[in-house]
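This report refers to the structure that appears directly beneath it.
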Amino acid sequence: RMIFTCCHPNLNVEAQIVLTLKTLCGFGVKEVANALLTTESTINKRLYRAKKSIRESNASFDIPQGIALKSRLETVCLTLYLLFNEGYNSSTSDTIIQKDLCLEAIRLTKLLVDRFEENKKVCALLSLMCFHTARFDARIDNKGAIVLFEDQDRKAWNKELIAVGMQYLKRSIHDKELSAYHIEANIAAEHCMAANFEATNWQHIHDLYTLLAKFKPNAIIQLNLAIINSQLEGIESSLEMLDQLKGHSELRNYHLLPATQGIFCMKLGRYEQAISYLESAQALNPSPTESNFILDKIIACKALLSAL
């Protein structure tokens, strides 16, 4: 109810999301900035303008009803999507996964599904969350370190939760309007249904990401496309695509770009180049868990260099 209230039409959509994440979801400014691919100074300005607009507005910030309630659903869904993403890949916590944020996002999205049964987009969003949550236990090893997707033990994936995700995905397809949530849920389903990493239908996933780029034209989608391309045309081709992205403003301070370049170079045996990329990623202040992962890769590269 409070999230719907914060998503007031007197505020622009960006301000609605910033206000909700900061005020209701407990995000810090850095977390909000990471979620929206912008800077902390930009977020502070948006917060200031949003609060100023609320103070100066004569509008009643009450729980909306009827059509007004439904009209705010789009922004509420996006807010819950960002809440889940921060929990799934925490930008500030000592652990890469904050399960409490993810479970709260799922709980609230389930309430939306129950309240707006006719809106299939919400079903797709819940499906996506279920697929990602099903892989929690395989993403971190028993020492709390990150496990790369290709190295995850799929026996640790929650099959029951994957089945629940498939149910909501099936409910979502009876819709005339395709959304980014539908596409992302299908991508996640493709991963979950593959018997192993090698058996994944990478061409289908590439096609889905290409379609997603039309709905969400941002640099993160292009980064994912470059990574997927390594399975179709090889790592060299992916490195060329990644190199073209390094000047993109959205990725200027995004540590996963140089981290990915470093891991790819490591796979090719270019250890000095890998170290350079990984050190660049380390300098961009990743979360503590990611920082430890990157440091481990740097140490491994140096050991492999000394053994040559």
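We did not get these values from a lab; they are worked out from the coordinates using the rules stated. This is a predicted model, so every value here is computed, not measured. Every residue, glycine as well, gets a Cβ built from its backbone with ideal geometry; the counts of neighbours run over all protein chains shown.
Results, tabulated for the structure shown:
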| quantity | calculated |
| --- | --- |
| Residue-span extension gain [Lys216 to Lys267] - 0.36 nm each, minus C-alpha spacing | 15.3 nm |
| Inter-probe distance in nm under a simple model that places probes 7 Å from Cα toward Cβ, at Glu240 and Ala68 | 5.6 |
| On Cα atoms only, tilt of 180-193 relative to the major axis of the chain in degrees | 40 |
| Computed lengthening from Glu117 to Ser306, 0.36 nm per intervening residue step minus Cα-Cα distance | 62.0 nm |
| Gyration tensor (alpha-carbon) shape descriptor, region 1-88, a/c threshold 1.5 | oblate |
| Full-extension gain in nm, Asp141 to Ile299, via 0.36 nm per residue minus C-alpha separation | 55.0 nm |
| HN-Hα J in Hz across region 3-16 - Karplus 6.51, -1.76, 1.60, θ = phi - 60°, x for Gly and Pro | 5, 4, 5, 5, 7, 7, x, 5, 9, 6, 4, 4, 5, 4 |
| Other-chain or far-sequence residues with amide H under 5 Å of Ile140's (modelled H) | Val147 |
| Farthest positive-ward along the chain dipole, Cα basis, beta-carbon charges - from Gly66, Leu37, His255 | Gly66 |
| Lysines whose Cα lies under 22 Å from that of Lys155, excluding same-chain neighbours fewer than 8 positions away | Lys99, Lys143 |
| Mean Cβ count within 10 Å, highest first, over the residues of peptides 243-249, 217-223 | 217-223, 243-249 |
| For region 218-308: rounded, prolate or oblate by the Cα gyration tensor [a/c cutoff 1.5] | oblate |
| Sequence-distant aspartates and glutamates (8 or more away, or on other chains) whose Cα lies within less than 15 Å of Lys121 | Glu74, Asp175, Glu177, Glu184 |
| Inter-label distance, nm, simple model (7 Å from Cα along the C-beta direction), Arg1/Ala199 | 4.9 |
| Cross-link partners of Lys45 among lysines (Cα-Cα below 20 Å; sequence separation of 8 or more within a chain) | Lys22, Lys30 |
